[in-house]
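Novice: One structure, pasted below without further comment.
The values are calculated or read from the model by the stated rules, or taken from the named source; none is laboratory data. Model, not experiment: these values are computed from the prediction. Glycine also receives a Cβ, built like all others from the backbone with ideal geometry; neighbour counts cover every protein chain displayed. Side chains included, ligands, DNA and RNA excluded: accessible areas come from the protein's heavy atoms. Shrake-Rupley method; radii C 1.70, N 1.55, O 1.52, S 1.80 Å.
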Amino acid sequence: MPARHVPKGHPVHDAEARGIQALVRALPDNYWVFSNIELPSDRRGQTFEHDAIVLAPHAVFTVELKSWGGRIVGNRDRWTLADGTVVPSPIPLVLAKARVLKGRLQTRRRELGTVWVQGVVFLSAADAAPQITRDYEDFVVNHDGLRKALTDPAWLGHPTPITATQRRAIEDFLNDGRPTRIQDQLEDFRLLQRLAAEDRPFEAWLAERTSLTRERRVLHAYTIVGETEAERERLRAHALREATLHGKIRGGPDVLRYDTYFVTRDDPQRIVLQFEDTTPLQPMDAWAKDRNPGQHARLAVAARLARSLAWVHEKGLVHRRLSPEAVLVSSEDIPVEVRLCAFELARDLTGAVATVTGSSLGDPTFRYAAPEALKTGEATPRSDLFSLGATLVELFTGRSLFANVDEVLRPFTVPPLHLGERACPRVVSELVTELLAIDPAARPQDAAAVADRLEQGLHDLTHQPVRTELAPGAEIRQTYELVARLGRGATAQPGRLVSSRRTTSSS
């Protein structure tokens, strides 16, 4: 007997319908499959659309279905399909859905906090052959691995079985979910793929213009919803504020490439920001972990980051949220693309754009904030320099300097910086010490000065003097000519002397 199937909505296309049926057939009859269900996210007015949610005796799975077939090669952030097409990996999005679903269950009933919730990508094509990097391969299954992944508790490390009371509460929650809206269009853009943005106040989409140009854009769609007009106006102002901030820094080196925005005519209304960056990018810390790059590559990224921050400051903005997550890079050993992003909390020093406050000090990015910004809420360009220093520590060592906000506010010392057994470049160690000074006045003058020093350090690292091998006939200081080698170092043996070309006058 197959699993019990509760179709909440309709599949987007036939391939998704076949994938759902394959999922139902692969599971025992004590499993429930809720397909095409829309559940609340952790943001007011926003939802997550789940292709399928599986309620198992030992866990809850949110399943992202993809109909791609053939050999698929990729990692956490980018996949190459069988036809050579490069697409963003669905792994971050499905893991984000699992985290949010876990939080919603725990909010609904406290005892649901012990339930294991897992995100899985199911490649439903019969010939799908995923080759995902080892650290993320377990999150992706094809037909051959589907049943084992969802029915074997050992796959998750034997989580605590779900009790009858917990099961009823989960069923009630899922039955309250709404059918998914088949949303495939925003004005003249066809939506291709939803991107991970679980900690952002917008939905992110990879989209393609329906006109002849077929331009691709990344869209940030703010949904204007609320119980009162005042609440809707607040959301509208927030979206337009971000558009204005991106407009101020547009064209700068290595900042997210903003194009324009538009307002939809549907209900609820959406304000949609367009970005030209469609190359799959990943957070800087994920790149460093996946690639384990050398000092040269890390120094190159650090220099570009500092130069981008200098541009932001020149335009009168303070980033206020600088951290490894706010820096996106492409996946090469030395990234071709580097992008500074996450300007939602940026402060406009010119006063043209109102300042907004962060939601909570529990936000993990606040452990990169400067002490004075945490204490007073007043951020300056030199506050960003402190954040840059904390970010560089993690970039060059692979470890966070501060585990939480409390550690930032307590006295601390900057430890010697090492990546494995190798000491970090001297220019980085010296700069980090200055950037992390408690007194803002003791930090470097500005981000441009930091960029200058990092760029000089990169130049020195890549232009080391080359040792010239001496040989007979070579001249030294235009005074001596080498005749023959006597030996090397301490093993040298007496032999022919070099001849002097020095001339002396006779008395």
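Novice: About the Cα centre of the chain, what is the dipole size in debye to 20, counting +1 per Lys and Arg Cβ and -1 per Asp and Glu Cβ, all else neutral?
Specialist: Once rounded to the nearest 20, the dipole reads 860 debye.
Novice: Going out from 0 in 10 Å bins, what whole percent of all Cα-Cα distances in the stretch 60-117 drops into each bin?
Specialist: Spelled out per bin, shortest first, that is 22, 38, 23, 15, 3.
Novice: Which lysines, on any chain, are close to Lys97 with Cα under 21 Å apart, when same-chain ones fewer than 8 places away are left out?
Specialist: Excluding near neighbours in sequence, the set is Lys8, Lys66.
Novice: I need the semi-axes of the equivalent ellipsoid of the stretch 135-273: take the C-alpha gyration tensor, multiply each eigenvalue by 5, square-root it, list largest first in whole angstrom.
Specialist: 37, 22, 16
Novice: Give the accessible area for Trp68 in Å² (nearest 10); use a 1.4 Å probe, count only protein heavy atoms, and leave out ligands, DNA and RNA.
Specialist: 60
Novice: Which three extents, in angstrom, do the Cα atoms of the stretch 224-264 have along their principal axes, listed largest first?
Specialist: 41, 17, 11
Novice: Now, a different point. Which net charge results when you count Lys and Arg as +1 and Asp and Glu as -1 among the other residues whose beta-carbon is under 13 Å from that of Leu123?
Specialist: Charge balance near Leu123 sits at -3.
Novice: Tell me the volume per residue, in Å³, of the convex hull enclosing the alpha carbons of the stretch 101-194.
Specialist: Given the Cα convex hull of the stretch 101-194, per-residue volume reads 165 Å³.
Novice: Continuing with the same structure: Could you give me D for the chain, from Stokes-Einstein at 25 °C and 0.890 mPa s, where the hydrodynamic radius is the Kirkwood radius over C-alpha pairs? Units µm² s⁻¹, please.
Specialist: Here the translational diffusion coefficient equals 94 µm²/s.
Novice: Out of the stretch 99-146, which trypsin sites (Lys or Arg not before Pro) are coil in DSSP terms and have no more than 14 other C-beta atoms within 10 Å?
Specialist: In loop regions of the stretch 99-146 (DSSP not H, G, I, E or B), the sparsely surrounded trypsin sites (Lys or Arg not before Pro) are Arg134.
Novice: Using the Cα centre as the reference, give the magnitude of the dipole from point charges on the C-beta atoms of the stretch 47-142 (Lys, Arg: +1; Asp, Glu: -1; all else neutral), rounded to the nearest 20 debye.
Specialist: Using only the charged Cβ atoms, the result is roughly 480 debye.
Novice: A further question follows. Taking amide hydrogens as modeled 1.01 Å from N in the peptide plane, which residues meet the under 5 Å criterion relative to Thr260, leaving out close sequence neighbours?
Specialist: Gln274
Novice: Can you compute 3J(HN,Hα) from phi for each residue in the stretch 11-18, using the Karplus curve 6.51 cos²θ - 1.76 cosθ + 1.60 with θ = phi - 60°, rounded to whole Hz and x for Gly and Pro?
Specialist: After applying 6.51 cos²θ - 1.76 cosθ + 1.60, I find x, 5, 8, 4, 5, 5, 4, 5 Hz.
Novice: Also, I was wondering about something else. Can you tell me the FRET efficiency between Arg426 and Asp14 if r is taken as the Cβ-Cβ distance and R0 is 56 Å, rounded to the nearest 0.05?
Specialist: Step by step, r from the Cβ atoms, then E = 0.40.
Novice: What are the lysines whose alpha-carbon lies under 29 Å from the alpha-carbon of Lys375, with same-chain residues fewer than 8 places away excluded?
Specialist: Lys248, Lys315
Novice: Continuing with this model, one more query. Please name which of Pro92, Pro2, Leu273 has its Cα lying farthest along the dipole of the chain towards the positive end, using unit charges on Cβ (Lys, Arg +1; Asp, Glu -1) and the Cα centre as origin.
Specialist: Among Pro92, Pro2, Leu273, the one farthest towards the positive end of the dipole of the chain is Pro92.
Novice: Could you compute Rg(Cα) / (2.2 N^0.38 Å) for the stretch 55-162, with N its residue count?
Specialist: Ratio of Cα Rg to 2.2 N^0.38 Å: 1.12.
Novice: Can you tell me what share of the DSSP beta bridges in the stretch 115-213 is antiparallel? A percent to the nearest 5 is fine.
Specialist: 80
Novice: Can you give me the long-range amide H partners of Leu192? Hydrogens built in the peptide plane at 1.01 Å from N, cutoff under 5 Å, separation of 5 or more residues or another chain.
Specialist: Placed amide hydrogens put Leu206, Ala207, Glu208 under 5 Å from Leu192.
Novice: Moving to a separate point now. Could you pull out the longest piece of the chain with no exposed loop GluC sites (Glu not before Pro) in it, calling a site exposed if DSSP puts it outside H, G, I, E, B and it has at most 12 other Cβ atoms within 10 Å?
Specialist: It runs 1-226.
Novice: Using a/c under 1.5 as the rounded threshold, could you call the stretch 263-336 rounded, prolate or oblate? The axes a ≥ b ≥ c are square roots of the C-alpha gyration tensor eigenvalues, and prolate needs a/b larger than b/c, oblate otherwise.
Specialist: Because a/c hits 1.5 or more and a/b fails to exceed b/c, the stretch 263-336 counts as oblate.
Novice: List the relative contact order of the chain as a percent without decimals, with contacts defined as Cα pairs under 8 Å and 6+ residues apart.
Specialist: Relative contact order of the chain: 9 percent.
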